[in-house]
Amino acid sequence: MRIVTIPFCRTDPVLDRAEDAGQTAGVSAPTAPKAPSFAEILRAAEAIAVHLPPTPAWSYPALDAVAGREVVVKHENTQPTGAFKVRGGIALAATMPADQLANGLVTASTGNHAQSIAYAARLADTTATIVVPTSAPTAKVDAVRLLGATVVTFGPTMTEAVAHARQLAAERGMSYVDPGNTPAIIAGHATVYVELFRQRPDLEAVYVPIGSGSGAAGACLVRDELAPHCLVVGVQSSAAPAAYRSWASRRAEAAPCQTRHSGLATGHSFDLPQSVLAAGLASFVLVGDDAIDRAVGLLAHKAHTLSEGAGAAALAGLLHDDARPARCAVVCTGGNASDDDLAALQPRPLPAD
Ligand SMILES: Cc1ncc(COP(=O)(O)O)c(C=O)c1O
């Protein structure tokens, strides 16, 4: 594994350039937050287990044949909101002081983070306000509303939506939730890997898609405790490589954000996840959006799995990685396939008989 000890540093004030995507962009928590401890991650796992059963981790002969080795698929697409992010919201609500929780949660997002906060608020019997830009896809906004959250449409892009969410928090005393830099959310996302390394302690590498990096940071923190031999490999779209560039340079970098795959659409890096990824990731693979589309198709046809693009990115990264070891896992982080994801599925040829 490549271990890097250079500390991550922010040297230029990178502002939000992400146009969306489940990542509320350009915001930092008021004080420098610290990565969750393993004890905090285990407590998050206990809180989550009250509401969610462990997700399956299966391998499929047809997919193994394509990859030329065993590929374990960790099925976060089976979560009730359709994505692993639901763990973050539940873990946050479980640790937030009761008075702050009672004041209600507010965030800005159009994606799986929004559904997570809405879901957790409903479980905790508090309110969620989600600020969405006018560009937000109707289906995702509807899903958030159906979970009982108040949706506020504001501004053309996430930049304006984030600013408005923070303003609402300040004006109305609600608790603003930063999706990438909040330790309790990272602890919640890390619980995917508590399950995975218990299900498959023999894994040699796990491939994790990266937007803000909160999920991959969780993977590294748990790997260090439960499976120190296992490599964690980050995967990002080459059409939105801010996290990759920041990881490679050890500085906060912005990058164009042009990916079609919303869960990966960040235009800047998030400090807290990057501080863990710097030493934690063995390597980082960039894949094109078309390769991600093909991976969506492979999961559908070879692993009976409906995935959104971000949820198939780990598989795309594994297939792109010539150094992949014999026993690997890919995290199918989400199944909220958009119309575009579905349209990209090639019709499956009918069997000869
Ligand atoms: C389905 C899915 N996969 C991956 C990611 C990226 O996760 P993270 O922001 O923790 O890097 C997201 C982010 O919203 C997502 O929704």
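Any read-out appearing in this document is the output of simple, stated calculations on the displayed coordinates, not a laboratory observation. None of the values given here were measured: they were computed from a predicted structure. Note that we place each Cβ from the backbone using ideal geometry, even for glycine, and neighbour counts take in every protein chain shown.
General remarks:
- For Ala337, the residues whose amide H sits under 5 Å from its own are Glu308, ignoring neighbours fewer than 5 places away on the same chain, with H placed 1.01 Å from N.
- Highest-MSF residue in the chain out of Ala98, Ala279, Ala313 [GNM, Cα springs under 10 Å]: Ala98
- For the chain, built as a Gaussian network whose Cα springs stay under 10 Å, the top-fluctuating residue of Pro156, Pro201, Pro53: Pro53
- Taking the C-alpha atoms of region 133-236, convex hull volume expressed per residue in Å³: 129 Å³
- Nearest-0.05 FRET efficiency for Arg145 and Glu171, computed from C-beta distance (R0 22 Å): 0.50
- Rounded to whole Hz, the Karplus (6.51, -1.76, 1.60) HN-Hα couplings of region 75-88, x for glycine and proline: 8, 6, 5, 8, 5, x, 8, x, 7, 4, 4, 4, 5, x
- Sites Ala39 and Asp224, calculated FRET efficiency, Cβ-Cβ separation with R0 22 Å, nearest 0.05: 0.95
- Compactness of the chain was expressed as the Cα radius of gyration divided by 2.2 N^0.38 Å, which yields 0.91.
- In sequence order, region 173-190 has phi-based couplings of x, 7, 8, 7, 10, 8, x, x, 9, 9, x, 5, 6, 5, 4, x, 5, 5 Hz under the Karplus curve 6.51 cos²θ - 1.76 cosθ + 1.60, θ = phi - 60°, and Gly or Pro positions carry x.
- The stretch between Ala65 and Ser338, if pulled fully straight at 0.36 nm per residue, gains 95.5 nm over its current Cα-Cα span.
- Tilt relative to the chain, helix 289-303 - C-alpha long axis, 0 to 90 degrees, to 10: 70 degrees
- Lysines whose Cα lies under 26 Å from that of Lys34, excluding same-chain neighbours fewer than 8 positions away: Lys85
- For region 46-59, the Karplus equation 6.51 cos²θ - 1.76 cosθ + 1.60, evaluated at θ = phi - 60°, returns couplings of 5, 5, 6, 5, 5, 10, 10, x, x, 7, x, 10, 10, 10 Hz by residue, with Gly and Pro reported as x.
- Nearest 10 degrees, 0 to 90: helix 309-320 Cα axis against the chain principal axis: 40 degrees
- Residues whose amide H lies under 5 Å from that of Ala239, counting only those 5 or more places away or on a different chain, are Asp289; hydrogens are built 1.01 Å from N in the peptide plane.
- Between Ala35, Ala163, Ala323, the Gaussian network model of the chain with springs among Cα atoms under 10 angstrom shows the greatest mean-square fluctuation at Ala323.
- A Stokes-Einstein calculation at 20 °C with viscosity 1.002 mPa s, built on the Kirkwood radius of region 85-176 over Cα pairs, returns a diffusion coefficient of 169 µm²/s.
- Using alpha-carbon coordinates, inclination of helix 271-280 to the longest axis of the chain, degrees: 30 degrees
- Proximal lysines relative to Lys302, as straight alpha-carbon distance under 24 Å, when same-chain residues fewer than 8 apart are discounted: Lys74
- Förster radius 35 Å - calculated FRET efficiency between Ser249 and His304 (Cβ-Cβ, nearest 0.05): 0.30
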